[in-house]
1. Dividing the alpha-carbon Rg of the chain by 2.2 N^0.38 Å yields what?
2. Select from segment 62-145 those chymotrypsin sites (Phe, Trp or Tyr not before Pro) which occupy a DSSP coil region and have at most 15 other Cβ atoms within 10 Å, ordered by residue number.
3. With springs connecting C-alpha atoms under 10 Å apart, model the chain as a Gaussian network and identify which of Asn125, Asn105, Asn145 has the largest mean-square fluctuation.
4. Work out how much length Arg78 to Glu33 would gain on full extension: take 0.36 nm times their residue separation and subtract the Cα-Cα distance, in nm to one decimal.
5. Based on the Cβ-Cβ distance of Phe152 and Asp44, what FRET efficiency does E = 1/(1 + (r/R0)^6) give at R0 = 35 Å, to the nearest 0.05?
6. Starting from the amide H of Val8, placed 1.01 Å from N in the peptide plane, find each other amide H under 5 Å away whose residue is 5 or more places distant or on another chain.
7. Which residues make up the longest stretch of the chain that has no GluC sites (Glu not before Pro) in a DSSP loop with at most 13 other Cβ atoms within 10 Å?
8. Return the tail of the calculated pair distribution for segment 67-156, meaning the percent of Cα-Cα pairs more than 19 Å apart.
Amino acid sequence: MPLLRILVDGYSLLHAWPELAEGRARHSAAAREALIQELTHYHDATGTALTIFFDGAGAPKGTPQTHSTRQVEVLYSRAGQTADQMIERAAYRLSQLGEVMVITNDYAERDTVNSFGGMAQSCENFLRMMGEANRDMAMDLKEHNRRERSRFKQPH
């Protein structure tokens, strides 16, 4: 069964990826935007839809919320709920429709998702997957460009 959606604990992944938005606080808008951009590239490389969850109840008023699409959805928790609760609820509901993978370094959250048949993996494993997908896409693009140059007999 193909992977239906990847659910990402945004701040967990940000903490596991210190090279992203170096010099910026892990909870900053700049770090969140950099993460969303990288996950959008991952979606472009794989075609797998993602939902990125952030704890948002504590965000200052006027903090801009990133534009979501159906393929790369960005959600913030409200007061009285956590991103973890939202992820677990979404994973449970979506698992009825197909394979769902949760990305987090929170062991309790991964155990909860695994308990109802969902899949969960660490942020570090997912970062390796992202690297592989990006390398594969770069190789595919290079091969495509090579074929197109040959097709149009353009000089290299």
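Please treat every number below as a calculation from the coordinates, not as lab data. What you see is a predicted model, and the numbers here were worked out from it, not measured in a lab. Here the Cβ is made from the backbone with ideal geometry for all residues, glycine too, and neighbour counts use every protein chain on show.
1. 1.17
2. Passing both the DSSP loop test and the Cβ count: Phe116.
3. Its mean-square fluctuation being the largest, the pick is Asn145.
4. 14.3 nm
5. Calculated transfer efficiency: 0.90.
6. Thr51, Ile52, Phe53, Ile103
7. Of all site-free stretches, the longest is 23-156.
8. It works out to 59 percent of all Cα pairs.
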